[in-house]
Amino acid sequence: MSRGDRAPPVASLAVDSRCRLGEGILWDDRRQWLFWTDILGHRLWAYAPRTGATHAWEVPEPLGCLALCEDGGLLLALAKSLRVASPPCAGAPLALQRLADLEPGLGAATRSNDGRCDRHGNFVFGTKDETGATPPLGRVYQFSRQHGLRPLALPPVAIPNSICFSPDGLTLYYCDSTQPRLWRCDYDPDAAAIANPRVFAETEGGQAPDGSTVDAKGGLWNARWDGACVVRHAPDGRVDRVVAIPAGMPSCCAIGGADFDTLYVTTAREDMDADALARTPTAGGVFALPLPPGSGRAEARFGAA
């Protein structure tokens, strides 16, 4: 099934956060909270759908992405460091513990970008090239407490995104947002090894792929940065659903809610001019669309293995 002649469903505004660069959204099924980052705003955000309450915490560096920890804390991939935050509490600052420095020899030439935990409790993430170098300076890593940082044998990357895993944890999805395609490869979490990289799907009209999540049936939902939509790809790569995002640049998505029945999408406003922001002032917010119960599954947690 493709878009055809039918207008796609339109997500509605859930949180008017107006992030400069909203990203890295995930659902905490234990707290029943959403977490996401405003990378350029140096903030971690949270939202409790049951009460409508939102919270935001300042962080010392741009926060590229994050993961849930088994003990209730958060693993934060800041621009140049990985840190653990104690369980967040509304109204209290985050207590941070440094775990690792990220590419210190490259300085401001790179920063963390997209990432998430694999199904075995390791954190997989990429670094973004801030220089435009050829070949790019970004890399993809696995991090665990047992092994520390281990690079994955993927090509250098300019803007790593779409890092997520098949339900069995043995396929890694990824992309470089400068290229109009999504990739997948075989993944060995114990050895931090990959094999057989191949194209999973080309994007329509050369749209830039951004962050993704995998649903309970193995479908991949991908935010199209310049496409005003989120696209669901079936496990074989076919497009079988499109959701319109009415404001901002769609950047990442997650499936949450008490019954895993809501698609949530972060957006950004960094590439929008004054006229565009005047027309769509809610750009940078989080948007939501109802899904059938059981559409998603719980996020893997760091250190669960």
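The values are calculated or read from the model by the stated rules, or taken from the named source; none is laboratory data. Keep in mind that what you see is a predicted model, and the values were worked out from it rather than measured. Because the Cβ atoms are built from the backbone with ideal geometry, glycine has one as well, and the counts that use them run over all protein chains shown.
Restricting the search to segment 198-222, which residues are under 18 Å from residue 154 (Cα atoms) and touching a Pro at 6+ places or on another chain (Cβ under 8 Å)?
Within segment 198-222, 209, 210 meet the criteria.
Condition first: on the phi < 0 side of the Ramachandran plot and part of a loop (DSSP other than H, G, I, E, B). Now tell me which residues in segment 213-235 satisfy that.
To start, the set of residues in segment 213-235 that are on the phi < 0 side of the Ramachandran plot comprises 213-217, 219-227, 229-235.
Across segment 213-235, the qualifying residues are 215, 216, 217, 219, 225, 226, 227, 234, 235.
Can you name the number of the only condition in (1) aliphatic (A, V, I, L, M); (2) outside any loop (DSSP other than H, G, I, E, B); (3) in contact (Cβ under 8 Å) with a residue 24 or more places away in the chain that residue 247 fails?
Failing condition for residue 247: (2).
Return only the number of the condition from (1) surrounded by fewer than 20 Cβ atoms within 10 Å (Cβ to Cβ); (2) among the aliphatic types (A, V, I, L, M); (3) touching a strand residue (DSSP E or B) at 6+ places or on another chain (Cβ under 6 Å); (4) closer than 25 Å to residue 41 by Cα that residue 245 does not satisfy.
(1)
Could you look through segment 25-41, keep only residues that are surrounded by 18 or more Cβ atoms within 10 Å (Cβ to Cβ) and touching an Asp or Glu at 6+ places or on another chain (Cβ under 7 Å), and pick out the one that is farthest from residue 112 (Cα to Cα)? So that I can check it myself, show each step before the final result.
Step one: filter segment 25-41 for residues surrounded by 18 or more Cβ atoms within 10 Å (Cβ to Cβ), giving 25-28, 33-39, 41.
From what's left, touching an Asp or Glu at 6+ places or on another chain (Cβ under 7 Å): 26-27, 35-37, 39.
Details: 26: 17, 27: 20, 35: 17, 36: 15, 37: 12, 39: 10 Å.
Residue satisfying both the conditions and the ranking: 27.
Would you mind telling me which numbered condition in (1) part of a strand (DSSP E or B); (2) closer than 28 Å to residue 165 by Cα residue 54 fails?
With (1) part of a strand (DSSP E or B); (2) closer than 28 Å to residue 165 by Cα applied to residue 54, the lone miss is (2).
Could you tell me how many of the residues in segment 86-121 are under 30 Å from residue 167 (Cβ atoms) and either in contact with a Phe, Trp or Tyr (Cβ under 8 Å, 6 or more places away or on another chain) or modelled with pLDDT of 95 or more (or both)?
Looking only at that region, the number is 14.
If you scan segment 170-206, which residues turn out to be small (Gly, Ala, Ser) and either outside any loop (DSSP other than H, G, I, E, B) or surrounded by 15 or more Cβ atoms within 10 Å (Cβ to Cβ) (or both)?
Matches in segment 170-206: 177, 192, 193, 195, 201, 205, 206.
Residue by residue through segment 62-84, note down the ones that are more than 22 Å from residue 120 (Cβ to Cβ) and out of contact with any Lys or Arg (no Cβ under 8 Å at 6 or more places or on another chain).
The one that is more than 22 Å from residue 120 (Cβ to Cβ) and out of contact with any Lys or Arg (no Cβ under 8 Å at 6 or more places or on another chain): 78.
Looking for something touching an Asp or Glu at 6+ places or on another chain (Cβ under 7 Å) and surrounded by fewer than 19 Cβ atoms within 10 Å (Cβ to Cβ) - is there at least one such residue anywhere in segment 92-109?
Checking segment 92-109: at least one residue is touching an Asp or Glu at 6+ places or on another chain (Cβ under 7 Å) and surrounded by fewer than 19 Cβ atoms within 10 Å (Cβ to Cβ).
Could you grab the pairs with beta carbons closer than 7 Å, sequence gap of 6+ or different chains, first residue in segment 172-184 and more than 14 Å from residue 125 (Cβ to Cβ), second one of a type in the set (Asp, Glu) and part of a strand (DSSP E or B)?
Matching pairs, first to second residue: 177/210; 180/202; 181/202.
What single numbered condition from (1) touching a Lys or Arg at 6+ places or on another chain (Cβ under 7 Å); (2) crowded, with 19+ Cβ neighbours inside 10 Å; (3) touching a residue at least 40 places away in the same chain (Cβ under 8 Å) fails to hold for residue 59?
Result: residue 59 fails condition (3) only.
Name the residues in segment 116-160 that are farther than 15 Å from residue 69 by Cβ and basic (Lys, Arg), would you?
Scanning segment 116-160 gives 119, 128, 139, 150.
Name every residue in segment 247-282 that is within 21 Å of residue 231 (Cα to Cα) and of a type in the set (A, V, I, L, M), in order of residue number.
Matches in segment 247-282: 247, 249, 254, 255, 263, 265, 268.
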